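Accompanying notes for the structure given below.
Read-outs: derived from the displayed coordinates by stated rules, not from any lab. It should be emphasised that the depicted structure is a prediction, and the values quoted were computed from it without experimental measurement. So basically every Cβ, Gly included, is an ideal-geometry build from the backbone, and we count neighbours across all protein chains shown.
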Amino acid sequence: MFDSLSDRLGGVFDRLKGRGALSEADVRAAMREVRIALLEADVALPVARDFVENVTEQAVGQQVLKSVTPGQQVVKIVNDALVAMLGAEAVELNLAGTPPNVIMMVGLQGSGKTTTTAKIAKRLTEKDRKKVMMASLDVNRPAAQEQLAVLGTQTEVATLPIVQGQTPVDIAKRALQAAKLQGFDVVLLDTAGRLHVDQQLMNEMKAVADVSEPEEILLVVDALTGQDAVNVAQNFTEQVPLSGVVLTRMDGDARGGAALSMRAVTGKPIKFVGTGEKLDGLEQFHPERVAGRILGMGDVVSLVERAAETVEKDEAEAFAKKMAKGQFDMNDLRTQLQQMQRMGGLGALAGMLPGMKKAQAAMAQSNMDDKVLVHMDAMIGSMTREERSKPALLNAKRKIRIAKGSGTTVQEVNKLLKMHKEMSTAMKRIKKMGGLKGLMKMFG
Ligand code: GDP
C-alpha cells in the first residue's frame, strides 16, 4: 500500500530538498510530477488537481524560513496538505447515545462487511470493554446469518439468535429489543450487500435506519477497487446519511488512491482500515501517520516545524524590544497582521495587553475577517519604505495611490491608519508604564 506513490514522491522531493534556492518554475515542475504520481496511485482527478493547486499556491507565496531549505519547506507544505486531504484528525466511533448504540454496516457484497462487523465487535469488546451484540440482516445470501454466528463464536461476541423468515426490518427491531432487555451497550447491524448499488438495497437500508436510529452508519469499501471504491462511496453518500467509511484490504497491493480521495469525495472520515483476513486486522485511521508513511520524511517535517517556531520566537522578541521603546510603525503592524493570520484570529495580541482595548475595538469595527487581513497586508505592501516607517507622510494623494495599488479604497486605507494610530498610542502608553517590565509588574 502506498509503496509506489511513496517512491515516486520520494524521488521528487529528494531532488528539491538539497537545493539552495527554488524558483517558482522549480516548484511548478515538481508539482506536475506530484500530480502524475497521485493520478498513478488512482487518486480521483479533481482531488489530485485541487491538491496540487493548493500546494503550489502555498509553496510559491511562502517566505523561506531561516535554517531550512526551500525544498524542505515544500515537503512540509505537502505533508500538511496530505494530512488535510486525509481528514486532519482521527475520528472515533460515536457511541455517546443512550445505550444500546446502533452501528449499521453497509456496503457491497464481498467488500468485507461481515468480517469488519466482527472485527469492530471484537475491538469494542476487548479494547473498550463494551457489551456488544451482532445481528445479520442479510436474508438474501444463504448462510449469511450463519457466517456471522460463526464469527460471533470465534470472537466471543453475542449474536442475535436466527429466526427464519423475518424481514431485515423485523430482525433489526428484534435485535434492538433484545439488546435493551439484556443491557447491551452496542448493537452492530450487518445489512445485506448487493453486487451493485441498486434502489431496492438502498430502500431496505433506509427502512432499517428508520427503525434502528443508528449512531453510526459505516460504509465498508474494498480499497483494492481503487476509483470504483470512491464511486461506490459517492453513491451511498447520496442515499444514506453515512457517518464514516471503513476501507478494507489495505494490506493488499492497492495503490492507495481510494484512501486518499475518500474524504474529499464523500466528506466522510475514514474511521478504520482493514489490514488482514484475521479478526484483529483492523486499525484506526490516523491521517497524520498515513501521510507520514506516504512521504516518509518525518524528520524533514519536524525540522521545518522547529524552524517555524524559532522564527515566531525571534519575531516576538524583536517586537517586544520595539514595544519597550514605544515604537510601532507600519512594518510592525504588518508583522502583527501576518501573525494574526497565522494564528487565525483577531486581536490575539491586542486582547492580551492592557491599553489595547481601543485598538481591538478599531479592529472589530473594521469587521476584521481573513479578507480584511489580506487587504491590510496589500495596503501596507503598496506603501513606500518611507511611508511605512513614517505613516504621518500619508496625505490624500498618497492614500489614493495606495488604495489603487492594493485594489482597495481610501476609506479602507483610513481605517488601517486609524488602527495603526490606536496601536501606536497603546505602545507609547506601555512605554510610559515602564515598558514590558512595567507590564510584567502589573501582572504580578
Ligand atoms: P461481505 O460480503 O461484504 O460480508 O464480505 P466478507 O466479510 O464475507 O469478506 C469477503 C472476503 O474478504 C473474506 O474472505 C474476508 O476474509 C476478506 N477480507 C475482509 N476484510 C479484509 C481485509 O481487510 N484484508 C484482507 N486481506 N481480506 C479481507
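Contour minus end-to-end for K371 and E40, with contour as 0.36 nm per residue of separation and end-to-end as the Cα-Cα distance? Write down the numbers at each step before the final one.
Numbers: separation 331, 0.36 × 331 = 119.16 nm, distance 3.66 nm.
Fully extending the segment from K371 to E40 adds 115.5 nm.
Take every Cα-Cα pair in the chain and report what % of them are more than 29 Å apart. Can you show the working numbers first?
Details: 59174 of 98346 pairs.
The proportion of pairs with Cα distances above 29 Å equals 60 percent.
Any chance you could run the full-extension gain for D280 through V410? It's 0.36 nm times the residue separation minus the Cα-Cα distance, nm to one decimal. Write down the numbers at each step before the final one.
Values: separation 130, 0.36 × 130 = 46.80 nm, distance 6.54 nm.
That pair, D280 and V410, stretches by 40.3 nm at full extension.
Quote the FRET efficiency, to the nearest 0.05, computed for A21 versus E238 with a Förster distance R0 of 60 Å and r equal to the Cβ-Cβ distance. Before the final figure, lay out each step's value.
Values: r = 48 Å, r/R0 = 0.80.
It comes to 0.80.
Each residue, T153 and K421, gets one label point 7 Å from its Cα in the Cβ direction; the gap between the two is 8.6 nm.
From the square roots a ≥ b ≥ c of the eigenvalues of the alpha-carbon gyration tensor of the stretch 112-190, which class results: rounded (a/c under 1.5), prolate (a/b over b/c), or oblate? Cα axes put the stretch 112-190 in the oblate bin. Just checking the listed ones, G298, G256, G107: in the Gaussian network model of the chain with Cα springs under 10 Å, the one fluctuating most is G298. Each stretch of four or more DSSP H residues adds -39500 (n - 2.57); spread over every residue of the chain, this sum gives -19000 deg cm²/dmol at 222 nm. On full extension, the segment bounded by R293 and A207 gains 26.9 nm, given 0.36 nm per residue less the C-alpha separation.
If you take all other residues with their beta carbon under 10 Å from the beta carbon of M104, and give Lys and Arg +1 and Asp and Glu -1, the sum is -4. Between the stretch 276-327 and the stretch 28-104, how many Å separate their Cα centres? So the two Cα centres are separated by 14 Å.
The calculated FRET efficiency for the pair D7 and N395, based on their C-beta separation and a Förster distance of 51 Å, comes to about 0.25. Computed over the chain with a Gaussian network model linking Cα atoms closer than 10 Å, the most mobile of T56, T225, T335 is T335.
The relative contact order of the chain comes to 17 percent, based on Cα pairs under 8 Å that sit 6 or more residues apart. Among D14, D228, D329, the largest mean-square fluctuation in a Gaussian network model of the chain (Cα springs under 10 Å) belongs to D329.
Below 14 angstrom from the Cβ of G226, what's the summed charge of the other residues (Lys, Arg +1; Asp, Glu -1)?
Details: positive: R249, R255; negative: E40, D42, D222, D228, D253.
Charge balance near G226 sits at -3.
Hey, rough spin-label estimate for R385 and Q164, points 7 angstrom out along Cα→Cβ, what's it come to in nanometres? Once both label points are built, they end up 9.2 nm from each other.
Extending 7 Å from Cα along the Cβ direction at K131 and again at V60 yields two label points whose distance is 6.2 nm. With R₀ fixed at 41 Å, the C-beta to C-beta distance from K180 to V311 puts the FRET efficiency at about 0.10.
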